[in-house]
1. Are any residues in region 1-28 without any contact (Cβ under 8 Å) to a residue 12 or more places away in the chain and of a type in the set (A, V, I, L, M, F, W, C), and if so, which ones?
2. Would you check if Ser98 is hydroxyl-bearing (Ser, Thr, Tyr), over 16 Å from the mean Cα position of the chain (by Cα) and open to solvent by 60 Å² or more (accessible area, probe 1.4 Å)?
3. Could you check how many residues of region 65-81 are open to solvent by less than 90 Å² (accessible area, probe 1.4 Å) and closer than 20 Å to Ala54 by Cβ?
4. Among the residues of region 48-94 satisfying the criterion of being charged (D, E, K, R) and under 15 Å from Leu113 (Cβ atoms), which is nearest to the chain's Cα centre (by Cα)?
5. Looking at Leu103, Leu45, Leu8, can you tell me which residue is over 18 Å from the mean Cα position of the chain (by Cα) and of a type outside the set (D, E, K, R)?
6. What is the number of the single condition among (1) exposed (fewer than 12 other Cβ atoms within 10 Å of the Cβ); (2) in contact (Cβ under 8 Å) with a residue 40 or more places away in the chain; (3) among the β-branched types (Val, Ile, Thr) that Ile89 does not meet?
Amino acid sequence: CGKNKHLLEKFQEDRARHKKVFGFTSQVSQLIRASDVLVTKAGSLTVSEALACACPLIISESLPGQESGTAEWLAESGAALMANTPTSILKNIELLVSNHHILAAYQARAHQLGKPEAASLAAETILRSIGVGIKSQAAQADTHP
């Protein structure tokens, strides 16, 4: 619900099982890791985080341009399903969570596409390009027992 207190209170009034309602939180990556599937629009930060966490997506909408291309790529790659109505979102959630083999296939594709070390690799590349030598965490782990 972000910072929308009215929406948060409205959802908190509904005592449905298997639901936890959050206001604004900085714990997004932990919530994604705890999830079987993420329903979202095709924003690049959310998509990148979900893939880094090997979490399949259900894309509910996308802005024209980059987001629509991202949504199509995710669906074609087998890491996401497209759903543009509440009914189709629910059907896709049910499909994924009720069939372990299908869910596992989407998780595997999300894992293959995810780049959890992308920020570190980019920083290392930039530092090397300006002549600053550093050891990656993987290289450091090899030298320390």
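1. Once the filter is applied, which keeps residues that are without any contact (Cβ under 8 Å) to a residue 12 or more places away in the chain and of a type in the set (A, V, I, L, M, F, W, C), region 1-28 yields Leu7, Phe11, Ala16.
2. When the stated conditions are applied, Ser98 passes them.
3. Selection size over region 65-81: 9.
4. The residue in question is Glu49.
5. None of the others qualify; the one that does is Leu8.
6. (1)
The values are calculated or read from the model by the stated rules, or taken from the named source; none is laboratory data. Because the structure is predicted, anything quoted here is derived from the model rather than measured. Heads up, the Cβs are rebuilt from the backbone with ideal geometry, glycines too, and the neighbour counts pull from every protein chain shown. For accessibility, only protein heavy atoms count, side chains too; no ligands or nucleic acids. Shrake-Rupley method; radii C 1.70, N 1.55, O 1.52, S 1.80 Å.
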